[in-house]
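Following: one structure in C-alpha cells, then a few remarks.
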Amino acid sequence: MINSSYVSYFTLAAYFDTGLFKYLYFLLIMSLYIFIVCANLLLIVVICMNRSLHEPMYLFLCSLFVNELFGSTGLFPFLLVQILSDIHTISAPFCFLQIFCLYSYGNVEFTNLAVMSYDRYLAICYPLQYHVHMTSNTVVVLIAVTWSLPFFAVFVTTSLSASLQLCGNIINRVYCDNYSIMKLACYDTRVNNVYELVAASLTVCVPVSVIFYTYIKILKVCFSGSKQTRQKAVSTCTPHLACLINFFFGLSFEISQSRIDMSSVPNMLRILLSLYFMTCQPIFNPVIYGLNISKIRIMCMLPVKCTIL
C-alpha cells in the first residue's frame, strides 16, 4: 500500500522487453509522428495563407488540424522516449499533464466535429441564409467554445484525480489515463464519478445530439431536394462522416480498454487498440480532407506544379 503523498511517479506496466525490435518500433512511431506533423501543418498553412479558403468550413477544419497536432504532441514524443527506455516510469505531474492533454484532445475533437456538422446543416438546408447565420463572429464564438469548454471540463477532471489518495502506482497502459488513476484510489471516488457523469453529458451527449439532429435534417433535404442538392451533400458530408466513423471506432476501442477485462487479449494487440484512438485520427483527417475537398487539394498541388515548371 502506497500513500498518495509518496506517489511521485507511476509505472507503466503495459510495456514489455522487445529487444532490438525497439529500434524498429521507434522508427515506425517517429515516422508516423513526422507524417502527422507535416500533413496537418501543411493543411493549416494552406488554409491560413489562401484568402479563398477563409470560409467557415475551412476555418473549422483548421481548428481540427490544430487539435491533431496538439493531441499527437501530447503522446508521440512520450512514446518515443519510453520505447528506448529500460525503465518505464513517468513522474506524477507529467502523468496528469498527459491526461489533461489527451482528454482535452478527445473532447475538442468531438466538439469540433459537432460544430462542423452544424455548419454543413446550415449550408445544405439553408443555403440562401447561410451567411446570415454563419457570420464571422459566429465562427469565432463556435471555435472558442470548441476549445474552452473541453479544456475547462478536463482541467476539473484532472484536478479531482490529482487530489485523490492513491494506494498504488502501477498503470497497465502505455500512457496515463484517468480511469487507471481512479482505480488506484484508496477511498470512494463518488465525487469524481458524479462530476464525470455531468461533464460527459455536456461534452459527449450534446455533440452527439447535434450530430444526429443535423444529419437527420440533411437526409430529409437530400431525399426531397434536387439532384444538385444531393451531390453537394454527398461531396461535403462524406469526409465528415468518414472522420466521425473513424472517431467512434477509436473511442469504442479506448472505452473497451478501460472498462472491460482484456487480460485474455495478447499484449501487443491491446497496445495497438489503445493507440488507435490517438494515431489514426490525426493521420486519417488530413488525408481524407486533403484528398476529397477539391479547393484544398488544388491549393496543396500548386507548390508542386510551380516547382516542376
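How many nm separate the modelled label positions at residue 227 and residue 38, each set 7 Å beyond the Cα in the direction of the Cβ?
Label at residue 227, label at residue 38, 4.2 nm between them.
How big is the charge dipole of the chain about its Cα centre, in debye rounded to the nearest 20, if each Lys and Arg gets +1 on its Cβ and each Asp and Glu gets -1 on its Cβ?
That gives the chain a dipole magnitude of about 1060 debye.
In degrees between 0 and 90, to the nearest 10, how far off the longest principal axis of the chain does helix 206-224 point, with axes built from Cα atoms?
Compared with the principal axis, the helix lies near 30 degrees.
Along the Cα→Cβ direction, 7 angstrom out, place labels at residue 260 and residue 137. What is the inter-label distance in nm?
4.8
Calculate the spin-label point distance for residue 193 paired with residue 45, positioning each point 7 Å from the Cα along the beta-carbon direction, and give it in nanometres.
Reported label-point gap for residue 45 and residue 193 is 5.0 nm.
Tell me, Kirkwood radius of region 72-140 from alpha-carbon pair distances, in Å?
Kirkwood hydrodynamic radius for region 72-140: 15.2 Å.
What is the helix-to-structure angle for 227-259, meaning the angle in degrees between its Cα long axis and the longest Cα principal axis of the chain, kept from 0 to 90 and rounded to the nearest 10?
0
Largest first and in whole Å, give the semi-axes of region 4-308's equivalent ellipsoid, each being the square root of 5 times a Cα gyration tensor eigenvalue.
Output for region 4-308: semi-axes of 37, 24, 17 Å.
Tell me which of 168, 8, 60 sits at the most positive position along the dipole axis of the chain, charges placed on C-beta atoms (Lys, Arg +1; Asp, Glu -1).
The Cα lying farthest towards the positive end belongs to 60.
When the Karplus curve 6.51 cos²θ - 1.76 cosθ + 1.60 is applied with θ = phi - 60°, which whole-Hz ³J(HN,Hα) does each residue of region 147-156 get, with x for Gly and Pro?
Values, residue by residue: 9, 6, 4, x, 4, 5, 4, 6, 4, 5 Hz.
Within region 52-89, find all residues whose amide N lies under 11 Å from a label point positioned 7 Å from the Cα of residue 23 along Cα-to-beta-carbon.
none
Neighbouring Cβ atoms within 10 Å as the yardstick, rank 133, 240 fewest first.
Values: 133 14, 240 23.
So the ranking, lowest neighbour count to highest, is 133, 240.
In whole percent, what relative contact order does the chain give with Cα contacts below 8 Å and a gap of six or more residues?
Normalised by residue count, the contact order of the chain is 27 percent.
Where a number appears in this text, it was derived from the coordinates with a stated rule and is not lab data. All of these numbers come straight from a predicted model, not from anything done at the bench. Note: ideal-geometry Cβ built from the backbone for every residue, glycine included; neighbour counts use all protein chains shown.
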